[in-house]
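First comes the structure, then the notes that go with it.
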Amino acid sequence: MNTHDAGPAGGAPPAGPEYRVAHFQDRLASGELGELGVHAEVRGGAVLVTGTVPSARCRDDVLKVVREELGGLDVHCDVVVSESSSPDHAEELS
């Protein structure tokens, strides 16, 4: 996902990427998403957001916060959903 929106939520002037990434991390940690292993860091001129979440809904929630907090920055998201469902067939071992 790449975002190139006008700026952060609220229309405030854009702050430096490091400050915005720190605010993004604080917002994730303080909300319902705090238990998730999602991390963001500035690499070159872009922000890399990585992690694994338990459901597609959690991933959507993380991406919403990314858009709100990091809009206007070049953001690359690698947030994957872990498969926690039961296997539908027996595993064959050799």
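Please go through segment 62-84 and give me each residue that is open to solvent by less than 60 Å² (accessible area, probe 1.4 Å), more than 15 Å from His23 (Cβ to Cβ) and under 9 Å from the mean Cα position of the chain (by Cα), ordered by number.
Scanning segment 62-84 gives Leu63, Cys77, Val79.
What tally of residues in segment 50-82 results from selecting those that are of a type outside the set (D, E, K, R), under 17 Å from Ala15 (Cβ atoms) and outside any helix (DSSP H, G or I)?
Final tally of qualifying residues: 4.
Go through (1) open to solvent by 70 Å² or more (accessible area, probe 1.4 Å); (2) in contact with a Leu (Cβ under 6 Å, 6 or more places away or on another chain) for Val53 and report which single condition fails.
It is condition (1) that Val53 fails.
Would you mention how many residues in segment 26-49 are open to solvent by 50 Å² or more (accessible area, probe 1.4 Å) and out of contact with any helix residue (DSSP H, G or I) (no Cβ under 9 Å at 6 or more places or on another chain)?
Counting residues in segment 26-49 that are open to solvent by 50 Å² or more (accessible area, probe 1.4 Å) and out of contact with any helix residue (DSSP H, G or I) (no Cβ under 9 Å at 6 or more places or on another chain) gives 6.
Matching residues to (1) at pLDDT 85 or above; (2) under 15 Å from the mean Cα position of the chain (by Cα); (3) within 20 Å of Val80 (Cα to Cα):
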residue: Gly7; (1), (2), (3): no, no, no
residue: Ala12; (1), (2), (3): no, no, no
residue: Arg27; (1), (2), (3): yes, yes, yes
residue: Leu33; (1), (2), (3): no, yes, yes
residue: Gly44; (1), (2), (3): yes, no, no
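Select from segment 15-49 the residues that are among the aliphatic types (A, V, I, L, M) and assigned to a helix (DSSP H, G or I) and list them in ascending order.
Val21, Ala22, Leu28, Ala29, Leu33
The values are calculated or read from the model by the stated rules, or taken from the named source; none is laboratory data. What you see is a predicted model, and the numbers here were worked out from it, not measured in a lab. Positions of Cβ are generated from backbone atoms using ideal geometry, with glycine treated the same way; all protein chains shown enter the neighbour counts. Ligands, DNA and RNA are stripped out before the accessible areas are found, and what is left, the full protein with its side chains, is counted by its heavy atoms. Shrake-Rupley method; radii C 1.70, N 1.55, O 1.52, S 1.80 Å.
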